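Okay, structure first, notes after.
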Amino acid sequence: MALLPEVKRHYGRLKLLIDGEWVESKSTQSYETLNPATGEIIAEFPTATREEARAAVEAAQRGFEAMRRIPLRERARMLFDMRQKFEEHFDELTRVLTQDHGRTIKESVGSVRRVIENIESACSAAYGLVARNEHLDELANGIDMWLTWEPMGAFLIVTPGNIPMHAWSSFVPYALAAGCSVVVSPSRQDPVAAEYVCRAALDAGWPKGAINMVHGGREINKFILRQPEIRGLGFIGSTSAGWELFKLCGELGKNSSINGNGKNSVVIMPDADVKAIIPFVRQGCFGMTGQRCLGSDNLMVVGDVYDEFKQRFVEEVGNMRLGYGLEQSTDLGPYCTAEGREKVRSWVERGLAEGATMVHDGRILGPELSQGFFMGPTIIENVHPDMEIAKEEAFGAVAGLIRTQSLDEAIQWINTKTDLGHSACIMTASGRNARKFAREVVVGNVGINVGVPQPYAFFPLGSKRKSFLGGAKSRMASMRLFLDEKTVTARWI
């Protein structure tokens, strides 16, 4: 199959988006971003100064004043226009995402489609605001009461390196639907993708200051969050960084939706059709090179199906093709960064030191992949839930096989051996097993015979325990982040 062309070989020095304009930063601190498949520099980007971050906040406040005055039907029309712009830029966005992040083109297509789904969901949320208003005539003699929902203001949106476009769409379209404005602070890992998603959004004609973007980091994020105009935070990233910002939100009395790390499992029951489920398990463990919030690396195999599952799984994984994601036949791309790959290598080595054994070693690669941040799919076995690797997220294309004797034991391990709760899946032909699992497992996203229980945009990312902090989940539920309630009690004398 063909190698798709890159949008650009080099994107130059990236700019900041402030008050509707792409501006050169005055910062002397800059970074390089690399193509993970080739190791080549594809752009430079600055760390915004505090003055530039403050300018973005002031622009967002002005943008909010404009957004709150736009009639709801007009906001909805602009969201529909934005959806169309993403369709028009679809091919460009997918290739930029692959070049900047490293995922395969098929995975980029899915990610950009998710962005469009979130914009569609935000459109429905905008019209849903009408239905949410409640009115009660004659509450008492001559008194009426009604409830309205009002946009809160400007928000900081912090997006991660693993899903730079999808995470953006988990918050930004909903903020715009609510009548709010945003300052986006993207990850340093793939800033080109962050710029292109904002460029596509701006084409819909939003007011100046409705969408702003500055390249920063933890300190700039904290600085922005401390600004009095910023009413809250939408965050997807690591639990450690999210916890810092959650505490700061508490000190400042600001709203938050914070999505952190996960430690996800797939339970394979003896009654599962092993041959049929293998592709779904492979996708759950190795899709996006394992760099996804809802990906799994614990495979809990119940009973005597272990040997058959292991054999078929190893055969399937052995056929995966590594390479540049713009090559359409590629099954597994590189890690987004060299540091990310090394963390996964260390995770595997730690597991082997704990007593796990290697089944399929992805660390051994040919010279043709030496320039990129590649590591092949890896399978280890003799993993026990008390090992650190069974509790800590690998965030890579690694699967650890765990033998378990019963569904009850698997559920107990998922619920007690880690304090994270993004997702868990079960592979079974039994409705009773599936129902028991869905009701008893303490995670926010449950999969039944699917490898990645990714909620559609109309549903929230329902993560639990330390995988989520704050008062509102992301996607559709983020409307609760951006809106505040007001009741009016009226008597006409």
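Residues being over 30 Å from Ile105 (Cα atoms) and either under 24 Å from the mean Cα position of the chain (by Cα) or not in a helix (DSSP H, G or I) (or both): count how many of those fall in the range 33-52.
Here the count works out to 2.
When Ile42 is tested against (1) surrounded by fewer than 24 Cβ atoms within 10 Å (Cβ to Cβ); (2) modelled with pLDDT of 95 or more; (3) within 17 Å of Arg199 (Cα to Cα), exactly one condition is not met: (3). Within the range 62-92, the set of residues being under 12 Å from Pro207 (Cβ atoms) and in a helix (DSSP H, G or I) comprises Arg62, Gly63, Phe64, Glu65, Ala66, Met67, Glu74, Arg75, Met78. If you go through the range 464-481 one residue at a time, do you hit one that is of a type in the set (Gly, Ala, Ser), part of a helix (DSSP H, G or I) and in the same structural domain as Arg114 (by TED's automatic domain parsing)? For the range 464-481, residues of a type in the set (Gly, Ala, Ser), part of a helix (DSSP H, G or I) and in the same structural domain as Arg114 (by TED's automatic domain parsing): present. The criterion of at least 1 residues that are assigned by TED's automatic domain parsing to the domain that holds Ala60 and at pLDDT below 90 is met by the following strands (runs of 3 or more DSSP E) wholly inside the range 108-168: 134-140, 143-151.
Only helices (runs of 4 or more DSSP H) wholly contained in the range 177-291 count here; list those with 3 or more residues that are in contact (Cβ under 8 Å) with a residue 12 or more places away in the chain, within 23 Å of Ile426 (Cα to Cα) and in the same structural domain as Gly303 (by TED's automatic domain parsing).
On the way: elements: 191-202, 218-226, 239-252, 274-286.
Where helices (runs of 4 or more DSSP H) fall fully within the range 177-291 and carry at least 3 residues being in contact (Cβ under 8 Å) with a residue 12 or more places away in the chain, within 23 Å of Ile426 (Cα to Cα) and in the same structural domain as Gly303 (by TED's automatic domain parsing), they are 274-286.
Candidates Trp168, Trp146: the one that is under 16 Å from the mean Cα position of the chain (by Cα) and hydrophobic (A, V, I, L, M, F, W, C) is Trp168. Gly284 satisfies every condition listed in (1) touching a helix residue (DSSP H, G or I) at 6+ places or on another chain (Cβ under 9 Å); (2) at pLDDT below 95; (3) crowded, with 23+ Cβ neighbours inside 10 Å except (1). Would it be correct to say that Ser329 is touching a helix residue (DSSP H, G or I) at 6+ places or on another chain (Cβ under 6 Å) and at pLDDT below 95? So Ser329 fails the test.
The values are calculated or read from the model by the stated rules, or taken from the named source; none is laboratory data. Model, not experiment: these values are computed from the prediction. All Cβ positions, even for glycine, are placed from backbone atoms using ideal geometry, and neighbour counts span all protein chains on display.
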